[in-house]
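Student: Structure incoming, see below.
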Amino acid sequence: SWSKLARKKGYAFLLCLLHTRGIYAIRILKQRRGLSDGEDVDHPKLLSRPVYNKPPLELNSLGEMGRAVKLDLTGDEKRKEEESIKKHQINIYVSDKISLHRRLPERWNPECKNLKYDYQSLPSTTVVIAFYNEAWSTLLRTVHSVLETSPDLLLNDIILVDDYSDREHLQEPLENYIASLRKVRLIRARKREGLVRARLLGASIATGDVLTFLDCHCECHEGWLEPLLHRIKEEPTAVVCPVIDVIDWNTFQYLGNPGEPQIGGFDWRLVFTWHQVPEYEQKRRRSATDVIRSPTMAGGLFAVGKKYFHYLGTYDTGMEVWGGENLEFSFRIWQCGGSLEIHPCSHVGHIFPKKAPYSRSKALANSVRAAEVWMDEYKELYYHRNPHARLEAYGDVTERRKLRMRLGCKNFKWFLENIYPDIHVPDDQPGKFGMLKNRGMENYCFDYNPPDENNIVGHKIILYPCHGMGQNQFFEYSSAGEIRYNTREPAGCAVADPVSTFLSIHLCRKLLEAVPEDQRFEFREDGTLYHVQSQQCVQAEQTLDKDIPGPALRPCTGSAHQQWFFEERA
Ligand code: UD2
Ligand code: MN
């Protein structure tokens with residue numbers, strides 16, 4: 001009939017219209033992305049197209065492909081290089097000679113290449129980069145690197161937050177430079193805010209669904225962003241970190257490695273530490289490209305859903321300058337129901353400077369805030385190892401405690417038992433920790449100063465004038481009979497060598513293992529430290545090594561030099 005035909009024709013017309021419209025829309029999209037007509041709009045290559053393409057590769061230029069730069073400098077040039085290192089604690093002389101657009105070598109697990117993403121359904125992100133007095137080339141290499149590795153479709157914008165820098169190049173010259181860049185915005189703090197409030201300033205104007213924080217001296221590896229956004233889409237309560245690859249501060253070599261990354265922990269000084277992925281976590285994961293749960297994060301690089309970040313109470317705005325916020329946030333994520341993860345397919349390089357380029361004296365107060373809000377009775381373990389932290393004015397934390405109540409967060413014991421079961425929780429029995437002092441050699445304490453923070457074992461314990469600051473003079477006699485030097489993680493244990501008679505530090509046994517015979521001491525009523533294996537006593541000796549006094553094994557006599565006691569504070 002007529003009406004049927006008309007309806008059919010109408011549909012056909014409509015379909016036709018939609019079709020041409022669609023083709024038109026696709027053509028515009030393609031034009032915008034610089035694709036020719038033959039290419040498919042849904043093709044992942046198009047969808048993953050970065051905001052900017054890298055300029056053509058010049059393989060011979062310095063530092064290209066993440067290669068180390070080694071210059072043979074003399075005279076004036078050498079002097080300039082040294083000055084740049086002194087000023088930035090990074091070899092900016094070298095950095096200035098490397099392209100802001102350099103490519104990096106492929107350093108991810110090859111299996112990551114097989115992951116496919118449904119680009120249109122991934123959340124968008126804003127990258128927030130706070131900076132304080134950063135050098136020109138390291139800052140701008142970060143910016144270009146983000147623009148050249150992030151899909152245009154997913155990156156809403158980059159927000160640079162100037163935390164009240166006073167260097168000239170970060171004023172007008174920076175504004176002029178970024179004016180020509182798409183998607184890059186700059187805001188400035190009106191006073192020095194510190195990285196916590198600076199990042200929050202940036203977050204407050206972010207338009208993306210996800211906030212991605214980076215330090216201002218990073219370089220992103222190909223494909224770094226997608227895994228982070230994909231994971232957050234899949235699990236909105238996940239906070240996801242990339243693998244942090246090292247960029248050498250001197251040669252700018254990119255030292256990434258496609259193997260199993262390390263996860264974050266902490267020691268009882270509340271210092272962040274790196275660890276191997278534990279076996280139970282290996283078992284939990286379904287594949288090499290699965291996320292890795294981590295008790296803590298390093299702090300600088302992570303992605304978090306914007307809504308979830310606000311739900312969790314963003315950051316503790318009472319924290320100044322640098323330090324502590326990473327552990328505070330880590331504890332909070334886990335205790336309040338989220339998860340903290342590292343995605344093995346997301347790699348970002350970071351320059352760890354030679355040493356801190358600016359004062360970080362606020363770190364102590366920040367750590368105390370974290371301990372006071374999240375650690376319950378376990379904060380005592382921290383205070384024992386940092387007696388001066390107890391005296392630190394850390395401000396008011398009532399709001400943060402209220403937040404913890406409001407969110408119904410779990411306690412620290414739960415966190416330790418469930419998220420960080422491999423950390424050793426010291427006994428710290430009354431009278432069995434602190435400075436280990438001798439009765440015969442007044443005011444000398446057990447002291448251990450490992451030359452390498454990352455590898456504490458193998459050196460002699462000495463006796464040194466007591467300073468009451470905890471740290472290197474903090475020892476603990478455990479209920480298992482060890483003399484533990486456990487401010488660090490993994491902890492060290494005193495071991496007596498019956499032949500040399502010296503006391504040195506070895507790694508303590510792993511959790512649940514038995515105490516090795518050479519590490520077992522009896523701390524007796526009369527104050528003697530009896531080494532069971534050799535049947536000798538620890539004695540304070542005037543010269544153990546080159547005029548340095550130290551503890552040594554000697555036949556037991558009960559003399560004052562063989563009597564020891566713990567004192568918590570000087
Ligand atoms: C690590 C983290 C860092 C932060 C810190 C603990 C990584 C790679 N880095 O130290 O992000 O969590 O531990 O607090 O995980 N900044 C400001 N204002 C300041 C101080 C710093 O904006 O007052 C900026 C700074 O320019 C940089 C970022 O904050 O972009 C982090 O500072 P950093 O690079 O000195 O910290 P880092 O990497 O030693
Ligand atoms: Mn940094």
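The values are calculated or read from the model by the stated rules, or taken from the named source; none is laboratory data. Values in this document were obtained by computation on a predicted structure and should not be read as measured data. Here the Cβ positions follow ideal geometry from the backbone for every residue, glycine too, while neighbour counts run over all protein chains shown.
Student: In region 107-161, what residues are more than 22 Å from the chain's Cα centre (by Cα) and of a type in the set (Lys, Arg)?
Tutor: LYS113, LYS116
Student: ILE351 - would you say it is aliphatic (A, V, I, L, M), within 16 Å of ligand 1 (Cβ to nearest atom), over 30 Å from ARG141 (Cα atoms) and under 22 Å from the mean Cα position of the chain (by Cα)?
Tutor: The answer is no for ILE351.
For every residue, the table says whether it meets (1) modelled with pLDDT under 90; (2) farther than 30 Å from SER339 by Cα; (3) touching a strand residue (DSSP E or B) at 6+ places or on another chain (Cβ under 6 Å).
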{"residue": "ARG404", "(1), (2), (3)": "no, no, no"}
{"residue": "GLY458", "(1), (2), (3)": "yes, yes, no"}
{"residue": "TYR477", "(1), (2), (3)": "no, yes, yes"}
{"residue": "ALA491", "(1), (2), (3)": "yes, no, yes"}
{"residue": "ALA494", "(1), (2), (3)": "no, yes, yes"}
{"residue": "THR501", "(1), (2), (3)": "yes, yes, yes"}
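Student: Could you tell me whether any residue of region 131-153 is free of Cβ contacts under 8 Å to residues at least 24 places away in the same chain and surrounded by fewer than 23 Cβ atoms within 10 Å (Cβ to Cβ)?
Tutor: No - not one qualifying residue is present in region 131-153.
Student: Within region 343-366, can you find the residues that are over 30 Å from GLN282 (Cα atoms) and outside any loop (DSSP other than H, G, I, E, B)?
Tutor: Selection gives ALA363, LEU364, ALA365, ASN366.
Student: Let me ask something else. Which pairs turn up if I take residues in region 214-240 that are more than 21 Å from LEU46 (Cβ to Cβ) and of a type in the set (Phe, Trp, Tyr) and look for partners that are away from ligand 2 (no atom under 16 Å from the Cβ) and part of a helix (DSSP H, G or I) with beta carbon separation below 9 Å, at least 6 apart in sequence or on another chain?
Tutor: none
Student: Test each condition in (1) within 26 Å of LEU511 (Cβ to Cβ); (2) touching a Pro at 6+ places or on another chain (Cβ under 9 Å); (3) crowded, with 20+ Cβ neighbours inside 10 Å for ASP447 and report the one that comes out false.
Tutor: Failing condition for ASP447: (1).
Student: So, in region 275-294, exactly how many residues are hydroxyl-bearing (Ser, Thr, Tyr) and surrounded by 14 or more Cβ atoms within 10 Å (Cβ to Cβ)? I'd like the intermediate steps shown before the answer.
Tutor: Filtering region 275-294 for residues hydroxyl-bearing (Ser, Thr, Tyr) gives 280, 287, 289, 294.
This time we only want the ones that are surrounded by 14 or more Cβ atoms within 10 Å (Cβ to Cβ), so: 289, 294.
The number of residues fulfilling the criteria is 2.
Student: Can you say whether ARG360 is within 16 Å of ligand 2 (Cβ to nearest atom) and surrounded by fewer than 22 Cβ atoms within 10 Å (Cβ to Cβ), as far as the supplied structure shows?
Tutor: yes
Student: Only one of (1) within 16 Å of ligand 2 (Cβ to nearest atom); (2) touching a helix residue (DSSP H, G or I) at 6+ places or on another chain (Cβ under 7 Å) is not met by TRP374, so which one is it?
Tutor: That leaves (1) as the condition not met.
Student: Here is a follow-up. Give me the helices (runs of 4 or more DSSP H) completely within region 129-243, filtered to those with at least 2 residues that are under 25 Å from ILE98 (Cβ atoms) and either within 16 Å of ligand 2 (Cβ to nearest atom) or of a type outside the set (Val, Ile, Thr) (or both), ordered by residue number.
Tutor: In region 129-243, the matching helices (runs of 4 or more DSSP H) lie at 136-149, 172-179.
Student: Based on what the data block shows, is TYR383 at pLDDT 95 or above, of a type in the set (Ser, Thr, Tyr), closer than 21 Å to GLY264 by Cβ and more than 16 Å from ligand 1 (Cβ to nearest atom)?
Tutor: no
Student: Residues to consider are ILE351, ILE419; find the one that is surrounded by 18 or more Cβ atoms within 10 Å (Cβ to Cβ), away from ligand 2 (no atom under 16 Å from the Cβ) and farther than 17 Å from ASP316 by Cβ.
Tutor: On inspection, the qualifying residue turns out to be ILE419.
Student: Given the residues GLY492, GLY481, which is the only one that is out of contact with any Asp or Glu (no Cβ under 8 Å at 6 or more places or on another chain) and small (Gly, Ala, Ser)? Break it down into steps so the answer makes sense when it comes.
Tutor: Working: GLY481 fails: out of contact with any Asp or Glu (no Cβ under 8 Å at 6 or more places or on another chain).
GLY492 is the lone residue from the list that is out of contact with any Asp or Glu (no Cβ under 8 Å at 6 or more places or on another chain) and small (Gly, Ala, Ser).
Student: Enumerate the pairs (first residue in region 177-199 and at pLDDT 95 or above; second residue anywhere and more than 13 Å from ligand 1 (Cβ to nearest atom) and not hydrophobic (A, V, I, L, M, F, W, C)) with beta-carbon separation below 7 Å, excluding pairs fewer than 6 apart on the same chain, so at least 6 apart or on different chains.
Tutor: What qualifies is LYS183/ASP157; ARG185/ASP157; LEU186/GLU175; VAL196/THR317; ARG197/THR317.
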